[in-house]
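All remarks here apply to the structure that follows.
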Amino acid sequence: MTVLFGQLFTGISIGAVLLLIALGLALTFGQMNVINMAHGEFIMAGAYTTYVLQQSITGAGLSLVVALPVAFVVAGTMGVLLEVLLIRRLYARPLDTLLVTWGVSLMLQQLARDVFGSPNVQTRAPELLTGNVALPGGLTIANNRLFILALALAAVAALTLALRLTPLGRRIRAVVQNRDLAAVSGIATSRVDRTTFFLGSGLAGLAGVALTLLGPIGPTMGTNLIIDAFLVVVVGGIGQLKGSVIVAFALGVLQATGEYLTTLSVAKVIVFVAIVAFLQWRPQGLFTLRTRSLA
Amino acid sequence: MSLFRDRRILAGAMTLVAAAALTACGSKTSDEGSAAGVTADVSGDTVKVGLLNSLSGTMAISEVTVRDSIMLAVEEINAAGGVLGKKIQPVGEDGASDWPTFAEKAEKLISEDRVAAVFGCWTSASRKAVKPVFEKNKALLFYPVQYEGLEQSPYIFYTGATTNQQIVPGLDYLKSQGAKSVYLVGSDYVFPRTANKIIKAYATANGMTVLGEDYAPLGSTEFGTIVNKVKSSGADAVFNTLNGDSNVAFFKEYKSAGLTAAAMPVVSVSIAEEEVKGIGTQYLEGQLTAWNYYQTTPGAANSKFVAAYKAKYGADKPTSDPMEAAYVGVHLWKAMVEKAGAFDVEKVRAASDGITFDAPEGLVTVDGKTQHIAKTARIGKIGADGLITEVWNSGKPVAPDPYLKTYPWASGLS
């Protein structure tokens, strides 16, 4: 029973990680239809930001708290630069966007290698986050996993509220649903695109900070995550946040269960087979956005 | 643009990325080149040697340090006048943590650069990928990392530990500490799988129980479930054969789950001083490692090695077992060449038996029959300063036994 709950929590926390890395992509890919292969490197940028900040801020807890907004801005700014310099010129050419952003991803990896070296770097986690909460029955829940779960949920809530309630959110939704109509209504669509890209990339930076608590910080960390992130958004349905949220947790639990009953490699196969089967049944993903747009 | 079109493009992109990842699992070796050996070019006043290490990818964390210490040995030898009066000219290649790339680069070093010997490789998968290349070309590889044994190529010198110099002493140590059960965690490739086969045979013969066995793909960083399984197994100890980045995620998860070195020690065979730095002592303090060398190993040869390394690469750079074995490999090659009086591969091999070197780890002796070296086994504990302190050693160099022929319990292994 303890093991069962332990596994359930592991599944949920894998889901939280998936959600965090996919959330930014749900904006830039899901809402703007931009296939950004460099998204993983924005996650890496967030992780390295945490590392750099820890060189000057000694308290592990404080540096983590500072790293969250700073990484958001750093990764967001990188995203805006990418949008302004390259992606903006390629909106009608998705295949070119894909290749260009993949190239950017490779360049950013090499940049990280040149600046920080090929070996991994480490950050110290605050003591509070390396422990765990003991529940009755011998069940323990790791604090860092709880923190990531809370961060993921907070990010989803903040993003949802921003999209629903703020004028910016309204503009973003308008552009997503019908770009031409939004443009003739006086919305500066290119500025909205830039802001959306800033938010999406910033969320990747946030994910990077969280991931320093779990795994290695190295030049290739982004590549390992990007496929999972795209899977979540594609299965969740493009243009909808709730799809990504549900799918992230579902895949997390499926992965953890499969892994427990079989092995890690077989669990991955199970997850991929399940995704392929699901997309056969619902090629448009879990949720779809119905619009009158012609595009 | 329609959603459908996007998805097709995305699928294509993912196939590309996945294919790039999958090629790492292949074991393609090139078949081009002549069947006869390519002779090294030693006509000038320099002699070329090849350095084949991953400077990028998941193994770079470890292999870059090996490259650095090989360069140190090369510089030392050149400063002392070179080998047979010729200065060594190193030719570096990046194996990129990708096994077919290793085979391709090995072929290039041998056939195009015509090097006298190659130093490098880390993972057994990369060694298995280049082995046919060296055998076909009759060229020499000096392999510096502990490995799973059960191999003896005439064209490879193994300067790291084979199983009876590392894994078996590690198990002996656990047994002497009263461990009755172990859990095996490893990366999914040839070294951990073979090592675990040996561990299971040892356990059966020594009254130990193996409570579980789990493998994670190289580069995997999600260990929630594996740590859950380890924890609920209640094993006395964990034997860890994970390689590369996975160790970081594993130990972070291990500590978060409340598991400690006191309650359930982890014996690792792929974590040396450099990896400790990359994982963080916060997560590793008190855990055990099995090696033949630590930065703290006493002796004048080691003081000199550590000082030279730090002077060249920075005071914060630790020295580790594979680095030391790589450094020793270059010096042993020099000694073999000088004893043979030639760079010719067959003459060097014939001269190798009985060559000794006062290595940082202590005296090592080349066994010409197996082309492994006799070395002292050591168990160490990771300290808060990131260095590893010896808690046990074998007292004298252990003769290499790659096929474990002198251990009755290992008779079923091959």
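Every condition in (1) modelled with pLDDT under 95; (2) in contact with a Phe, Trp or Tyr (Cβ under 7 Å, 6 or more places away or on another chain); (3) on the phi > 0 side of the Ramachandran plot is met by B:Gly341 except one, and the failing one is (2).
The set of residues in region B:105-120 being under 16 Å from B:Met59 (Cβ atoms) and part of a helix (DSSP H, G or I) consists of B:Lys105, B:Ala106.
Return only the number of the condition from (1) buried (at least 24 other Cβ atoms within 10 Å of the Cβ); (2) out of contact with any Ser or Thr (no Cβ under 7 Å at 6 or more places or on another chain) that B:Ser187 does not satisfy. For B:Ser187, the failing item is (2). Yes or no: A:Thr160 surrounded by 14 or more Cβ atoms within 10 Å (Cβ to Cβ), out of contact with any His (no Cβ under 9 Å at 6 or more places or on another chain), of a type in the set (S, T, N, Q) and without any contact (Cβ under 8 Å) to a residue 60 or more places away in the chain? Taking the combined requirement at face value, the residue does not satisfy it. Tell me which residues, restricted to region A:76-133, are farther than 30 Å from B:Asp316 by Cβ, aliphatic (A, V, I, L, M) and touching a helix residue (DSSP H, G or I) at 6+ places or on another chain (Cβ under 8 Å). Listed by number, the residues that qualify are A:Val80, A:Leu82, A:Val84, A:Leu86, A:Ile87, A:Leu90, A:Leu95, A:Leu98, A:Val100, A:Val104, A:Val133.
Each residue in region A:113-147 was checked for being away from chain B (no Cβ under 11 Å) and among the hydrophobic types (A, V, I, L, M, F, W, C), and 4 pass.
Consider region A:65-81 and keep the residues that are of a type in the set (A, V, I, L, M) and in contact (Cβ under 8 Å) with a residue 24 or more places away in the chain. The one that is surrounded by the most Cβ atoms within 10 Å (Cβ to Cβ) is A:Ala75. Of all the numbered requirements in (1) closer than 24 Å to B:Pro169 by Cα; (2) surrounded by fewer than 24 Cβ atoms within 10 Å (Cβ to Cβ); (3) facing another protein chain (nearest Cβ under 9 Å), B:Gly244 misses one, and that requirement is (2).
Out of B:Val267, B:Val238, one residue alone is in contact with a Leu (Cβ under 9 Å, 6 or more places away or on another chain), in contact (Cβ under 8 Å) with a residue 60 or more places away in the chain and either among the aliphatic types (A, V, I, L, M) or not assigned by TED's automatic domain parsing to the domain that holds B:Asp188 (or both). It is B:Val267.
Within region A:234-256, the set of residues being part of a helix (DSSP H, G or I) and at the interface with chain B (Cβ under 9 Å from one of its Cβ atoms) comprises A:Val234, A:Gln255, A:Ala256. Apart from one condition, A:Thr58 fits all of (1) in a helix (DSSP H, G or I); (2) out of contact with any Ser or Thr (no Cβ under 9 Å at 6 or more places or on another chain); the exception is (1). B:Val118 meets the conditions (1) within 19 Å of B:His331 (Cβ to Cβ); (2) outside the structural domain of B:Asp68 (by TED's automatic domain parsing) in every case but one. The failed one is (2). Here B:Trp409, B:Trp392 are screened, and the one residue that is closer than 30 Å to B:Glu285 by Cβ and among the hydrophobic types (A, V, I, L, M, F, W, C) is B:Trp392.
The values are calculated or read from the model by the stated rules, or taken from the named source; none is laboratory data. As the structure is a prediction and not an experimental result, all values here were calculated from the model. Please note: Cβ atoms are built from the backbone with ideal geometry, for glycine as well, and neighbour counts cover all protein chains shown.
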